[in-house]
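The values are calculated or read from the model by the stated rules, or taken from the named source; none is laboratory data. Everything numeric here is computed off the predicted structure, so don't read it as measured data. Because the Cβ atoms are built from the backbone with ideal geometry, glycine has one as well, and the counts that use them run over all protein chains shown. Accessible surface is based on the protein model in full, side chains and every heavy atom, while ligands, DNA and RNA are left aside. Shrake-Rupley method; radii C 1.70, N 1.55, O 1.52, S 1.80 Å.
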Amino acid sequence: WYQRRVRGGRGQNQQKQKQESTPDSSCIGNITFDTAEKKEGRANRFKKEISMSNNDTISTMLESAIKRGGEEVHFSDTHLVGTMTSLEKPYLRLTCAPSPDQVRPESILVKSLSHIMNKWKKEQNYTFVCEQLKSIRQDLIIQNIKNAFAVKVYECHARIAMEKLDTTEYNQCQTRLIDLYASNDSVGNPLEFLCYRILYYIYISNNSDAMKLIAQLTPAQKSNEDVKFAVNVFNAWSSGNYYRFFKLYLVAPKMSGYLMDSYVQRERNSTMKILIKSYKPTISVQRISDLLGYPDTQTALVYLDDLKVVYTNPSKVKLDCKQTIASIDL
C-alpha cells in the first residue's frame, strides 16, 4: 500500500518560481546549472547513504522480508556467522537484525537436524518438529547457506510435511528447493521432487503451469520413472480418465501417495457424481470400489456410508442411483 502525495496547485506559484532566480545557480538562457558547492554537497550526501554497516544491511533486508511476509529473502551481501550452540531453538518471525549469538552456525545446524529427525522417529510430534525445522531453515537463510546441507534440510521438511498433509509447508520447501537445485549440481533428489511438483499442480488445479513444466522436460527427466508417473497422473486427471487416475494412485512411488492423498478424496467425490448419473438405475459397490481405487469393498463401504448413499437392500451390494442423487450433496 502507498499514499499518493498531495501536490500544490499550479498557476501563480509556478510563475513566481520561474521569475525568481537562486543565488547559488548559474543560468544560460533557460538552462540552470548547479554550482560546484551544490555538486559537492550532493556527492557527500550520497556517500553517507551508501556507507552502511553489515548490521544496517541485514536490518534493511529483514524489513523487506517482513513486508513480504516470508523467508523469500536473500542475504548474499552479508557475512553473518552464528555462534549459538543450542540444538533446539523456537522459530520466531524476525522483527530486527539478529546478532551472531542468536543464530546457529552450519556445524551446529547439522547436529540439530540429526537431533530433530531422531525425535521425529521416536515421538512423531509434528508441531514440534515443524517448528524446529523452520528454525533451522531460518538460520540457513540468514547466513546465506545454499549448499548440499541446505538441500537436505528442505527435502527432509518437505517429506515430513507431505506425510502430515501440510501442503502449505510442503510448498514453501518445494519453492526453495527449485533455487537450491539450480545452485547445486548433482545434489539431493531433484527428479523425485520434480515428480512431486507436477503432482502438486493437480492439488491446486493449475493446468497451465503443469503443462508448461511438462513441455520443458528434458529427455533425461522424461526417462525418470518418478517423473513418468507424475506425467501419467496429470494426463489421466486432465483428460478426465478417472479409472486410470485411481489405478495410478494405488501404485504411487516413494511419497507420491502422500501428496495425492491431499486431493484424492476431492477427485473421488467428483467421480462419484459422474457414476451415479451414468449407471442408473443401480451400480454395484464392487464396481465403485474398482473405479475409485479402493483396495477392497469394505473400505469403499466406509466412504459410501459417510456420503449417506441409498442401497437397494440391507446387504449393501448395490446403490440405488436415483435415490442417491436426491439424498447426497457432493
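Using only the Cα atoms, what convex hull volume per residue in Å³ does region 66-220 have? Please report the intermediate quantities before stating the final value.
Numbers: hull volume 20.0 nm³, N = 155.
It comes to 129 Å³ per residue, whole-number rounded.
Among Lys121/Lys164; Lys152/Lys254; Lys247/Lys280; Lys164/Lys273; Lys111/Lys146; Lys164/Lys247, which pairs are too far apart, with a Cα-Cα distance over 20 Å?
Working: Lys121/Lys164 14 Å; Lys152/Lys254 17 Å; Lys247/Lys280 24 Å; Lys164/Lys273 28 Å; Lys111/Lys146 17 Å; Lys164/Lys247 23 Å.
Over 20 Å apart, Cα to Cα: Lys247/Lys280; Lys164/Lys273; Lys164/Lys247.
What's the carbon and sulfur percent of region 268-311's accessible surface, probe 1.4 angstrom, rounded to a whole number?
Values: 1120 of 2160 Å².
That share works out to 52 percent.
Based on C-alpha coordinates, I'd like the Rg and Dmax of region 182-330, in Å.
So, for region 182-330, Rg and Dmax equal 18.1, 62 Å respectively.
Given the C-alpha centroids of region 101-153 and region 259-289, what is the distance between them in whole angstrom?
Between the Cα centre of region 101-153 and that of region 259-289, the gap is 42 Å.
Regarding region 163-269, what is the average projected area of its C-alpha convex hull, in nm²?
Working: hull surface 26.6 nm².
The directionally averaged projection comes out at 6.7 nm².
Return the carbon/sulfur percentage of the accessible area of region 171-213, one whole number, probe 1.4 Å, all protein chains in place.
Values: 910 of 1940 Å².
Carbon and sulfur atoms account for 47 percent of the accessible area of region 171-213.
Per residue, how many Å² of accessible area does region 130-187 show with a 1.4 Å probe?
Values: 1990 Å² over 58 residues.
Using a 1.4 Å probe on heavy atoms only, each residue of region 130-187 averages 34 Å².
In terms of modelled amide H atoms, which long-range or inter-chain residues lie less than 5 Å from the amide H of Lys318?
When sequence neighbours closer than 5 places are left aside, the close amide H contacts are Val285, Thr312, Asn313.
How many nm is it between the label spots at Ser239 and Glu123, if each spot is 7 Å from the Cα in line with the beta carbon?
Distance between label points: 4.9 nm.
Given a 1.4 angstrom probe, I'd like the percentage of the accessible area of region 103-151 that is carbon and sulfur, rounded to a whole number. Display every interim value, and only then the final one.
Values: 990 of 1940 Å².
Carbon and sulfur atoms account for 51 percent of the accessible area of region 103-151.
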